[in-house]
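Have a look at the structure below before the remarks.
The values are calculated or read from the model by the stated rules, or taken from the named source; none is laboratory data. Since this is a predicted model, take the numbers as computed values, not measurements. With ideal geometry, Cβ positions are generated from the backbone for all residues, glycine too; neighbour counts draw on all protein chains shown. For accessibility, only protein heavy atoms count, side chains too; no ligands or nucleic acids. Shrake-Rupley method; radii C 1.70, N 1.55, O 1.52, S 1.80 Å.
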Amino acid sequence: MLKSRLLTGVTAMLFMCSLRAQAQSETVQSDNAKNDDSITIEGDKLELHLDRQMRAIGNASISQNEQTILGDEIDYDVQNDQLHVIGNARIELGEAMLTGPELRMQLSESIGEMRDASISIIPSSQPQLQANEEPQDASIPTKTLPKSRGDAKAIFFEGPDKKRLQNARYTTCEAGVDDWYIKAQELQLNDATKSGVAKSAYIEFKDVPLFYTPWMSFSFNNQRKSGLLAPTFGNTTKTGFELTTPFYWNIAPNMDATMATRELSKRGVQLQGGFRYLEDKFSGSDNLEYLPSDNQTGQTRYYANLKHQQNFGNGWSAGYNIEKVSDDQYFSELSTQITTTSRVNLPQQFNVNYTDETWNFNGLAQKFQTLDKVSYPYERLPQLTLNGNQDFGGVNANLYSQLVAFDTNKANAAVATLATGSRLTLYPSISFPLNTSYGYITPKIGVHHTSYSLNNDPNNFGNQERTLPIFSLDSGLYFDRDLKIASRNYSQTLEPRLYYVYIPDSNQNNIPNFDSSEADLNFGTLFRENQFTGNDRINNANQVSLALTSRLIESDSGTQRLSASIGQRFYFADQKVTLPGVTSRINNSSDIIAGLSANLRTHWMLNAFTQYNTNDSSSTRTTLSSRFTPEPGKSLNLSYSYRKDLLDQFDISAQWPLGQGWYGIARTNYSLLEHQNIETLAGIEYNAGCWQTRTVMQRVSTATANANYALFFQLELGGLASIGSSPLNVIKRSVPGYVRSGNITDNSQQSYFE
């Protein structure tokens, strides 16, 4: 006759420790060959039969290692390692919890089954970068991974780390909201590899199946995994309807590749491939696009972009950046991004660099593919630049030197007659900086020498040399005072600056112009020695630049709320050096420039810059911009840009909640000079909590062809899967301050209703 012991109520709780000890010792004796893991069983009522069978009734639980199983009643056969949980069975596995009416399992082997099971997951980690996703701006708020849930007709436990689910469903929607599910006839999960395999899987949205795959391998817990990515689709006027089907290959933790077919209804099937790698000493990426035969042109069209950077150690590094397209219309006809369609010069270059505490060396070999047949920059084959800087007590010594060989593509008649040759530049200088808490003064003197050896000289000027002494004096003062505005404490500064330059005149009309242009007048170039960029022109100068800046700084936070500056350059000598075809300056002062920057407590940020010509009392250049961002999801941007006889356009963009989960997105960039839209974007986004959808229409004026229209539609399911063509990159570039609705924090989230 079997002897049994029944303990109830308070007696059971007092005897718990001795019962645990009996259970543990029994487990070790009966299962010592397998492992040394202890088992703890608890409940309102506990029964132990011949130290071979345990039963817990009411709030029952059994634990082994980090696994805990709970239920209304637990029977555990120690000798046969058979576990039977009856009523409200629940297993806690890290962030996941499985529940069902009944559970049968071999506890030590984790082999068993649970019928009619439910699954809930409450992740604690932050979202990580996915295989096909770009890094997000750090200023944009993020939310933790969404809670998720699911169910299965049956869950089969096939070992400590393996589970097989039959007729499984999964969603991130709250309980009672069944807007979408990922469903699979069979789902195999491996906790050790953090991966899974789904068979006969499809996405169901609003009871409508949207996407089906007979087999899919994926990763969970935000780990990269080889396999098919969600296809994207869209429509443009140049390509027609397009469908992109990508495959991701996770080669190694530091290496991956993406391959895709892009079906274009008007063009054909384009093949795409991308390869990325990252090592301690080198990194790079290769991207290729290939359209075997364009249905409209009959051409074979391609794009290649190869990048690599290598660190050799001891300050040395090198790399290359090569871009090439098959034809001039490639971007305008096959791309929808204005940053791409407006490109006209593609670099093909190799670089080598060296850096230490004193010296900085850069070697560059550079050519370009020009798409607009107008702007042909010189090839640099090669360009060698060496800079050195060293302090000797209170003296700073600096050396700038450069040797560059300029060439052109002789096969192109438009540039075949331009001057070519080599240029050597040497510019040693010394400065004597004197700094105090209330100001500074820095005198500097140097000698700028340039010599030319010309190979192709259409003007027959022959080789040229130029040597010029350069003297400058930079000085400034700092004043500050405390003041109170509207009960807030501020510190106001006053910062005058004076900069004097002297460079004697030298006739430079016979020197070719390879890379020089006149620099824009701004608060950076106002305090430069040379008004020209490059080394082919050095202005004569006997001039002084004056500027005054005042700042308003919030004392408590240190935030700069306001900054205002004004400046002008005064000439004591006439201009003798100009660019070819440009008339000399006749006035004795430059335009007045003024700038204003404000960071207001009302969530407005304002920036303004103007360049005013005192001779004809007119504006030469004006830039105005403002942004209003009271909270995530609300962003209004207004800007205006004007440059005399060149640019006159305004830009308005916004993201704004429309209520009930809807957000409007819009941008217009209009040229008053050309009387046309440069880029127009209009869209709408809806956030239903566990899914978002966004639709965007875009019109882009291209640099080498007519305007292109594009339609983007995307359905995003809980941040885990998306269907359609993502407009996110287009929106982020077009609408500064944009935040995707799924990342808007709960206290800023607009309400939504079904």
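Of everything in region 479-491 that's open to solvent by 50 Å² or more (accessible area, probe 1.4 Å) and in a strand (DSSP E or B), which residue is farthest from Ser545 (Cα to Cα)?
Arg488
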- Query: Within the set of pairs 6+ apart or on separate chains, which have a first residue in region 495-517 that is at pLDDT 95 or above and open to solvent by 30 Å² or more (accessible area, probe 1.4 Å), a second that is hydroxyl-bearing (Ser, Thr, Tyr) and assigned to a loop (DSSP other than H, G, I, E, B), and C-beta atoms under 7 Å apart?
  - Reply: Glu495/Tyr478
- Just need a number here: residues in region 557-575 that are of a type outside the set (Ser, Thr, Tyr), under 26 Å from Arg466 (Cα atoms) and surrounded by 15 or more Cβ atoms within 10 Å (Cβ to Cβ). 2
- Filtered residues of region 671-704 (kept if over 29 Å from Ser332 (Cβ atoms) and surrounded by fewer than 16 Cβ atoms within 10 Å (Cβ to Cβ)): none
- Item | Options Thr610, Thr668, Thr623; residue that is over 30 Å from Ser332 (Cα atoms), touching a strand residue (DSSP E or B) at 6+ places or on another chain (Cβ under 7 Å) and open to solvent by 20 Å² or more (accessible area, probe 1.4 Å) | Thr610
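Residues are listed down the side, and each one gets a yes or a no for (1) farther than 16 Å from Pro727 by Cβ; (2) exposed (fewer than 15 other Cβ atoms within 10 Å of the Cβ):
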{"position": "Leu229", "(1), (2)": "yes, no"}
{"position": "Thr239", "(1), (2)": "no, no"}
{"position": "Thr245", "(1), (2)": "yes, no"}
{"position": "Tyr248", "(1), (2)": "yes, no"}
{"position": "Ile251", "(1), (2)": "yes, yes"}
{"position": "Asp256", "(1), (2)": "yes, no"}
{"position": "Ala260", "(1), (2)": "yes, no"}
{"position": "Glu263", "(1), (2)": "yes, no"}
- Query: Within the set of pairs 6 or more residues apart or between chains, which connect a residue that is farther than 13 Å from Arg380 by Cβ and touching a residue at least 24 places away in the same chain (Cβ under 8 Å) inside region 418-431 to a residue that is hydrophobic (A, V, I, L, M, F, W, C) and surrounded by 18 or more Cβ atoms within 10 Å (Cβ to Cβ) with Cβ atoms less than 7 Å apart?
  - Reply: Ala419/Leu454
- Task: Take Arg115 and decide whether it is touching a His at 6+ places or on another chain (Cβ under 8 Å), open to solvent by 80 Å² or more (accessible area, probe 1.4 Å) and part of a strand (DSSP E or B).
- Result: no
- Pair list, Cβ < 8 Å and 6+ apart or interchain, from region 452-475 residues that are within 21 Å of Leu418 (Cα to Cα) and at pLDDT 85 or above to residues that are open to solvent by 50 Å² or more (accessible area, probe 1.4 Å) and among the charged types (D, E, K, R): Tyr452/Glu465
- Note on the structure: Among (1) charged (D, E, K, R); (2) under 25 Å from Gln575 (Cβ atoms); (3) touching a Lys or Arg at 6+ places or on another chain (Cβ under 8 Å), Asp651 falls short only on (2)
- Among the residues of region 692-737 satisfying the criterion of being aromatic (Phe, Trp, Tyr) and out of contact with any helix residue (DSSP H, G or I) (no Cβ under 8 Å at 6 or more places or on another chain), which is modelled with the lowest pLDDT? Tyr709
- Selection within region 674-704 - over 23 Å from Ser726 (Cα atoms) and in contact with a Phe, Trp or Tyr (Cβ under 9 Å, 6 or more places away or on another chain): Gln676, Asn677, Ala703, Thr704
- Trp656, sole failed condition from (1) free of Cβ contacts under 8 Å to residues at least 24 places away in the same chain; (2) open to solvent by 50 Å² or more (accessible area, probe 1.4 Å); (3) over 30 Å from Asp179 (Cβ atoms): (3)
- Matching residues, region 98-112, being among the aliphatic types (A, V, I, L, M) and surrounded by fewer than 17 Cβ atoms within 10 Å (Cβ to Cβ): Ile111
- Query: From the set of residues in region 443-457 that are open to solvent by 50 Å² or more (accessible area, probe 1.4 Å) and closer than 17 Å to Pro504 by Cα, which is nearest to the chain's Cα centre (by Cα)?
  - Reply: Lys444
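Working carefully through the options Gly421, Gly393, Gly388, find the one that is under 29 Å from Tyr500 (Cβ atoms) and surrounded by 12 or more Cβ atoms within 10 Å (Cβ to Cβ).
None of the others qualify; the one that does is Gly388.
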- Quick one: would you say Leu384 is part of a strand (DSSP E or B) and more than 30 Å from the chain's Cα centre (by Cα)? yes
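Looking at the structure I just gave you, is Arg601 in a strand (DSSP E or B) and either touching a residue at least 12 places away in the same chain (Cβ under 8 Å) or closer than 25 Å to Ala707 by Cα (or both)? Before the answer, list the steps.
Values: in a strand (DSSP E or B): no; either touching a residue at least 12 places away in the same chain (Cβ under 8 Å) or closer than 25 Å to Ala707 by Cα (or both): yes.
It is false that Arg601 is in a strand (DSSP E or B) and either touching a residue at least 12 places away in the same chain (Cβ under 8 Å) or closer than 25 Å to Ala707 by Cα (or both).
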- Could you tell me whether region 549-556 includes any residue that is open to solvent by 50 Å² or more (accessible area, probe 1.4 Å), at negative phi, in a loop (DSSP other than H, G, I, E, B) and touching a residue at least 60 places away in the same chain (Cβ under 8 Å)? yes
- Query: Is there a residue in region 518-529 that is of a type outside the set (A, V, I, L, M), within 30 Å of Lys484 (Cα to Cα), touching a strand residue (DSSP E or B) at 6+ places or on another chain (Cβ under 8 Å) and not in a strand (DSSP E or B)?
  - Reply: yes
- In region 580-598, the residues that are outside any strand (DSSP E or B) and not polar (S, T, N, Q): Pro580, Gly581, Val582, Arg585, Ile586, Asp591
- Tally the residues that are over 34 Å from the mean Cα position of the chain (by Cα), at pLDDT 90 or above and open to solvent by 70 Å² or more (accessible area, probe 1.4 Å), restricting the search to region 155-192. 3
- Of all the residues that make up region 738-754, how many are modelled with pLDDT under 80 and either open to solvent by less than 30 Å² (accessible area, probe 1.4 Å) or not β-branched (Val, Ile, Thr) (or both)? 9
- Note on the structure: Scanning region 300-318 residue by residue, those within 24 Å of Ser335 (Cα to Cα) and open to solvent by 50 Å² or more (accessible area, probe 1.4 Å) turn out to be Thr300, Tyr302, Leu306, Lys307
- Restricting region 287-297 to residues that are in a loop (DSSP other than H, G, I, E, B) and either hydrophobic (A, V, I, L, M, F, W, C) or open to solvent by 50 Å² or more (accessible area, probe 1.4 Å) (or both), the residue that is nearest to Gln349 (Cα to Cα): Pro292
- Residue among Glu323, Glu263 that alone is within 25 Å of the chain's Cα centre (by Cα) and of a type in the set (Asp, Glu): Glu323
